[in-house]
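To start, the structure under review is shown below, and the notes come after it.
The values are calculated or read from the model by the stated rules, or taken from the named source; none is laboratory data. All values derive from a computational prediction rather than experimental measurement. Every residue, glycine as well, gets a Cβ built from its backbone with ideal geometry; the counts of neighbours run over all protein chains shown. Each accessible area value is taken on the protein alone, full model and side chains, heavy atoms only, with ligands, DNA and RNA left out. Shrake-Rupley method; radii C 1.70, N 1.55, O 1.52, S 1.80 Å.
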Amino acid sequence: MTTTILRPETGRSTLPFVDQYHPDRPLEVNFYRPESYRPEDPVIIVQHGMLRNGDEYRDFWIPAAEKHRLLIVAPTFPDAQFPMAESYNNGLILDESAGLVREKQDWLYGVPARVLAALQAGGVTTQKQVRLYGHSAGGQFSHRLLATQDHSIFSDVVAANPGWYTLPDLSRKFPEGMGGIGLDETQLARWFAYPMHIFAGDQDIDEADPNLPDQPEAFAQGPSRYKRAYFVYDFAKKQAQSLGMPFNWKLIDVAGVGHDGAAMSRAAAAYWFEGRIPPASELVFEEATNL
């Protein structure tokens, strides 16, 4: 198969991308490339929420891109080609109509690595490792990617305000846990050891949000996204200790922020490139983008 090449222009751009394992499901990738950007500079892959609005999530990162000379890469998985949570949040792992687990090469969580390879082939970046940020449904995508994939290309991963979590537990079937899809303790230990950062807005506490996942497995983790973040962190820490495995996750409270993709993007950018979580007065200054 011909190597895919991506070569975004300076400024905002959007390019089509056909993944080799999903040729019948075209997607597009939204970019922001500062004029000062050079191939050796950092790359941020941004995973959008349930609205499939990669262009908006790309735009959330533009101030940080200009300030810190970053290439922003925001794939968009259109709802028409990737319908419902099963095809995006849950990564196309299960073929529920047939009751089967798809081949691992067909899991959607491999797409970011192939997008990076296309940028490397285009000479846009020489980076071997990049950062991954996902909010809401994108936070579900990002942490499940770590649970199921080789994550050696990611130097840092932030999962911000996911609606619910896959638990690091091989006895529970995916997506509630890691069981039933061919994973073992090697993958479990690798996930525990990775310094995954869960960003939890301490105002993401709406228990009646119509977009809050409401299946019994999700509610078992808590009545709000904020409480679910604490549940999964405590669960994972105890699980790692019981199995004698190193545990390197971090749970970061973002004070004064609710389910706001723009504000959480600013928090992640400041955390990565300035070593701080800004106060809410610096993060929340426009209408929240909830999804």
- Message: Quick check on the stretch 1-44: of everything there that is within 14 Å of Pro78 (Cα to Cα), outside any loop (DSSP other than H, G, I, E, B) and not hydrophobic (A, V, I, L, M, F, W, C), which residue is most open to solvent (accessible area, probe 1.4 Å)?
- Response: Pro16
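Name the residue that is least open to solvent (accessible area, probe 1.4 Å), counting only residues in the stretch 198-208 that are closer than 18 Å to Ala263 by Cβ and assigned to a loop (DSSP other than H, G, I, E, B).
Keep residues of the stretch 198-208 that are closer than 18 Å to Ala263 by Cβ, which gives 198-206.
Going one step further and asking which of them are assigned to a loop (DSSP other than H, G, I, E, B), we end up with 202-206.
Numbers: Asp202: 41, Gln203: 99, Asp204: 6, Ile205: 85, Asp206: 85 Å².
It comes out as Asp204.
Each row is one residue, and each column tells you yes or no for (1) within 12 Å of the chain's Cα centre (by Cα); (2) of a type in the set (A, V, I, L, M, F, W, C).
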{"residue": "Thr126", "(1), (2)": "no, no"}
{"residue": "His135", "(1), (2)": "yes, no"}
{"residue": "Gln140", "(1), (2)": "yes, no"}
{"residue": "Ala160", "(1), (2)": "yes, yes"}
{"residue": "Asp169", "(1), (2)": "no, no"}
{"residue": "Gly177", "(1), (2)": "no, no"}
- Hey, does the stretch 262-283 have a residue that's crowded, with 21+ Cβ neighbours inside 10 Å, outside any helix (DSSP H, G or I) and modelled with pLDDT of 95 or more? no
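Does Asn211 satisfy the condition of being open to solvent by 30 Å² or more (accessible area, probe 1.4 Å) and of a type in the set (S, T, N, Q)? Don't jump to the end; show me each part of the working.
Numbers: open to solvent by 30 Å² or more (accessible area, probe 1.4 Å): yes; of a type in the set (S, T, N, Q): yes.
Yes: the conditions hold for Asn211.
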- Long-range neighbours under 9 Å by Cβ, at least six apart or interchain, first residue within 11 Å of Arg7 (Cβ to Cβ) and in contact (Cβ under 8 Å) with a residue 40 or more places away in the chain within the stretch 120-131, second in a helix (DSSP H, G or I) and open to solvent by less than 50 Å² (accessible area, probe 1.4 Å): Val124/Ala118; Thr125/Leu116; Thr125/Leu119
- Message: For the stretch 136-171, give me each residue that is hydroxyl-bearing (Ser, Thr, Tyr) and part of a helix (DSSP H, G or I).
- Response: Ser142, Thr148
- Message: Looking only at residues that are among the small types (Gly, Ala, Ser) and assigned to a helix (DSSP H, G or I) in the stretch 172-197, which one is surrounded by the fewest Cβ atoms within 10 Å (Cβ to Cβ)?
- Response: Ala193
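Would you confirm whether any residue within the stretch 228-248 is open to solvent by 60 Å² or more (accessible area, probe 1.4 Å), modelled with pLDDT of 95 or more and of a type in the set (Phe, Trp, Tyr)?
First, pick out the residues of the stretch 228-248 that are open to solvent by 60 Å² or more (accessible area, probe 1.4 Å): 230-231, 234, 237-238, 241-244, 246, 248.
Next, only the ones that are modelled with pLDDT of 95 or more stay: 230-231, 234, 237-238, 241-244, 246, 248.
Going one step further and asking which of them are of a type in the set (Phe, Trp, Tyr), we end up with 230-231.
Yes, some residue in the stretch 228-248 is open to solvent by 60 Å² or more (accessible area, probe 1.4 Å), modelled with pLDDT of 95 or more and of a type in the set (Phe, Trp, Tyr).
Might you check whether a residue that is closer than 23 Å to Asp204 by Cβ, touching a residue at least 60 places away in the same chain (Cβ under 8 Å) and of a type in the set (Lys, Arg) occurs anywhere in the stretch 66-75? Show your work before the answer.
Here is the first cut: in the stretch 66-75, the ones closer than 23 Å to Asp204 by Cβ are 74.
Remaining after also requiring touching a residue at least 60 places away in the same chain (Cβ under 8 Å): none.
For the stretch 66-75, residues closer than 23 Å to Asp204 by Cβ, touching a residue at least 60 places away in the same chain (Cβ under 8 Å) and of a type in the set (Lys, Arg): absent.
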- Query: Does any residue in the stretch 32-53 that is more than 12 Å from Ala137 (Cβ to Cβ) come within less than 6 Å, Cβ to Cβ, of a residue that is assigned to a strand (DSSP E or B) and open to solvent by 10 Å² or more (accessible area, probe 1.4 Å) six or more places away or on a different chain, and which pairs are these?
  - Reply: Tyr32/Arg12; Ile44/Arg131
